[in-house]
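Participant: Dropping a structure here in structure tokens format, bear with me for questions.
The values are calculated or read from the model by the stated rules, or taken from the named source; none is laboratory data. These numbers come from a predicted model, not from an experiment. Quick reminder, even Gly has a Cβ in these numbers, built from the backbone with ideal geometry, and neighbours come from all protein chains shown.
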Amino acid sequence: MSEIRVLVNGAKGRMGTETAQAVIGADGLELVGQTDLGDDLSSAIADAGAQVVVDFTIPSAAVHNANLILDSGASPVVGTTGFSTEEIEALQEKAAGLGRGGLIAPNFAIGAVLLMKFAQQAAKYLPDVEVIELHHDQKVDAPSGTALKTVELIRESLDQNPSARQTERPEETETVSGARGGKYLNIPVHSVRLPGYVAHEEVLFGGTGQVLSLRHDSISRESFMPGVILAIRKVVELDRLYYGLDQVMDL
């Protein structure tokens, strides 16, 4: 069986560098190109004959890159966050029209994906919940894509289980604006940005006389690589673009 030809875009960044090394060390994959800011991505894909392009760049370029990858005949594996729901749906429609596989994943750490699924399950029984995400101080978007995906799964669970009613709260007053964080789909989300962190998320549930805490910590960027490699191998078998690593895992 021939090796899957992979190009890494954003190769000079920390995630791109880690991804290139992971591809080199993975059985059945061949690193055929590395591109970064200023390079002609479309030409690089054509010249290298890349089947899969892994994109770890910046939010402002993510949609353009994903469209370009699809137009260039390759399958995108995108770890860049900052997509809107409308942008994801447009890319999914385009990929479906082309009959090409792809994946946009807010987090490639297997443990983070499991946390999201566990949180979705827990919300059926403990509907009062808040999400805290902590990242390094160079991350530009907040909340993180992981936090948004987590909230979407929790909201889906709550909407499918009408008996899981959230406790009514009194009207709150913030003496410091933003002290209670933001709300997404009516679920509080808090973002922390500090040096020394990589990627962390905690989902806190409160119930009568009890609390439940679910937490995942990525200690290094190596934690994302098994998920990236899994995604590369999966997308070449697909004929549509998925959102979330959980969509291509056997969970």
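Participant: Just to be sure, is residue 176 among the aliphatic types (A, V, I, L, M), surrounded by fewer than 11 Cβ atoms within 10 Å (Cβ to Cβ) and either over 26 Å from residue 246 (Cα atoms) or in contact with a Phe, Trp or Tyr (Cβ under 7 Å, 6 or more places away or on another chain) (or both)? Let's see the steps before the verdict.
Facilitator: On the way: among the aliphatic types (A, V, I, L, M): yes; surrounded by fewer than 11 Cβ atoms within 10 Å (Cβ to Cβ): yes; either over 26 Å from residue 246 (Cα atoms) or in contact with a Phe, Trp or Tyr (Cβ under 7 Å, 6 or more places away or on another chain) (or both): yes.
Here the answer is yes, as residue 176 does meet what is asked.
Participant: Suppose we filter 172, 202 for residues that are farther than 30 Å from residue 97 by Cα and modelled with pLDDT under 95; which single one remains?
Facilitator: Of the residues listed, the single one that is farther than 30 Å from residue 97 by Cα and modelled with pLDDT under 95 is 172.
Participant: Select from the stretch 45-88 the residues that are at pLDDT below 95, of a type in the set (Gly, Ala, Ser) and farther than 21 Å from residue 226 by Cβ and list them in ascending order.
Facilitator: Within the stretch 45-88, 60, 61, 62, 82, 84 meet the criteria.
Participant: Of all residues in the stretch 26-48, which are touching a residue at least 40 places away in the same chain (Cβ under 8 Å) and either part of a strand (DSSP E or B) or basic (Lys, Arg) (or both)? Break it down stepwise before answering.
Facilitator: Initially, the stretch 26-48 is screened for residues touching a residue at least 40 places away in the same chain (Cβ under 8 Å), giving 26, 28-29, 48.
Answer for the stretch 26-48, where residues must be touching a residue at least 40 places away in the same chain (Cβ under 8 Å) and either part of a strand (DSSP E or B) or basic (Lys, Arg) (or both): just 29.
Participant: Here's another thing I want to ask about it. Please determine whether any residue of the stretch 158-170 is surrounded by 13 or more Cβ atoms within 10 Å (Cβ to Cβ), farther than 27 Å from residue 20 by Cβ and acidic (Asp, Glu).
Facilitator: No, every residue in the stretch 158-170 fails to be surrounded by 13 or more Cβ atoms within 10 Å (Cβ to Cβ), farther than 27 Å from residue 20 by Cβ and acidic (Asp, Glu).
Participant: When only residues in the stretch 223-251 that are among the charged types (D, E, K, R) and in contact (Cβ under 8 Å) with a residue 60 or more places away in the chain count, which is farthest from residue 92 (Cα to Cα)?
Facilitator: Among those that are among the charged types (D, E, K, R) and in contact (Cβ under 8 Å) with a residue 60 or more places away in the chain, it is 233.
Participant: Let me ask something additional. Looking at the stretch 57-67, is at least one residue farther than 24 Å from residue 244 by Cβ and of a type in the set (Val, Ile, Thr)?
Facilitator: As a first pass, look at the stretch 57-67 and keep what is farther than 24 Å from residue 244 by Cβ: none.
No, every residue in the stretch 57-67 fails to be farther than 24 Å from residue 244 by Cβ and of a type in the set (Val, Ile, Thr).
Participant: Just to verify a result, which residue in the stretch 148-202, among those that are of a type in the set (D, E, K, R) and assigned to a helix (DSSP H, G or I), is farthest from the chain's Cα centre (by Cα)?
Facilitator: Going through the qualifying residues, I end up with 159.
Participant: Output the strands (runs of 3 or more DSSP E) that fall wholly within the stretch 50-132 and possess 1 or more residues being under 15 Å from the mean Cα position of the chain (by Cα), within 21 Å of residue 142 (Cα to Cα) and among the acidic types (Asp, Glu), or say none.
Facilitator: Here the list reads 52-55.
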